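Quick notes on the structure that follows.
The values are calculated or read from the model by the stated rules, or taken from the named source; none is laboratory data. Quantities reported herein were computed from a predicted structural model and do not represent experimental measurements. Cβ placement follows ideal geometry from the backbone for every residue including glycine, while neighbour counts extend to all protein chains displayed. Remember, those area values only see protein heavy atoms, side chains included, never the ligands or the DNA or RNA. Shrake-Rupley method; radii C 1.70, N 1.55, O 1.52, S 1.80 Å.
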Amino acid sequence: MRELDNSVVDSIRASFEKQNFLLTFGAKLTHVSLGHVEIEVPVTNPALNQHNFAHAALTFAVGDTAAGYAAQSYLTAGSDVLTVELKVNYLAPAIGQKLRGIGKVVRPGGRITVVVAEVFASDDDALTQVALLQGTMLPLAK
């Protein structure tokens, strides 16, 4: 299996630090490996919807971003990706102290990369899957 170059990890981390939307909510990039990225974000009052659980937009953003960086892990440092399409199934209300998005590459490619993401709500040690996303990312070589 191919090793993930440290310059690519650094590039992904630097890009994440420009994710103003997620950073506003306190998101953290917690894992980066080839084809696999994890992001966690606390569920605070500004992120709640009228039903008192995490808004679907935050759930989607965590999944989209984790999947995008998973795709980006197959590119050279300084490269980027754009979401071409992303389908989401919301599976349960996002009730918990934080959300964890786990993005994975299903098939890397030169023109498009197929990705999936799972988003979980967590309370202490209990995890509940709240969303499943699948889509394609467009690699933008530097």
Jot down the per residue volume, in cubic angstrom and as a whole number, of the convex hull over the alpha-carbon atoms of the stretch 30-103.
100
Quick check: with the 1.4 Å probe, what order do Arg2, Arg100, Arg111, Arg13 take by accessible area, largest first?
Arg111, Arg2, Arg13, Arg100
Degrees between helix 6-16 axis and first principal axis of the chain (Cα, 0 to 90, nearest 10):
40
Rounding to the nearest 10 and keeping the result within 0 to 90°, find how far the Cα-based axis of helix 56-72 lies from the longest principal axis of the chain.
20
Per residue, how large is the accessible surface of the chain? Use a 1.4 angstrom probe and give square angstrom.
52
Which one of Leu4, Asn52, Ala71 is farthest out on the positive end of the charge dipole of the stretch 1-104, using unit charges on Cβ (Lys, Arg +1; Asp, Glu -1) and the Cα centre as origin?
Asn52
Please count, across the chain, the pairs of lysine residues with Cα atoms under 18 Å apart that sit 8 or more places apart or on different chains.
5
To one decimal place, what Kirkwood hydrodynamic radius in Å is obtained for the stretch 79-125 from all pairs of distinct Cα atoms?
12.7
If Rh is defined by the Kirkwood formula over all Cα pairs and Rg also comes from Cα, what ratio Rg/Rh do you get for the chain?
0.97
Which is the longest run of the chain containing none of the GluC sites (Glu not before Pro) found in DSSP loop states (not H, G, I, E, B) with at most 15 other C-beta atoms within 10 Å?
18-142
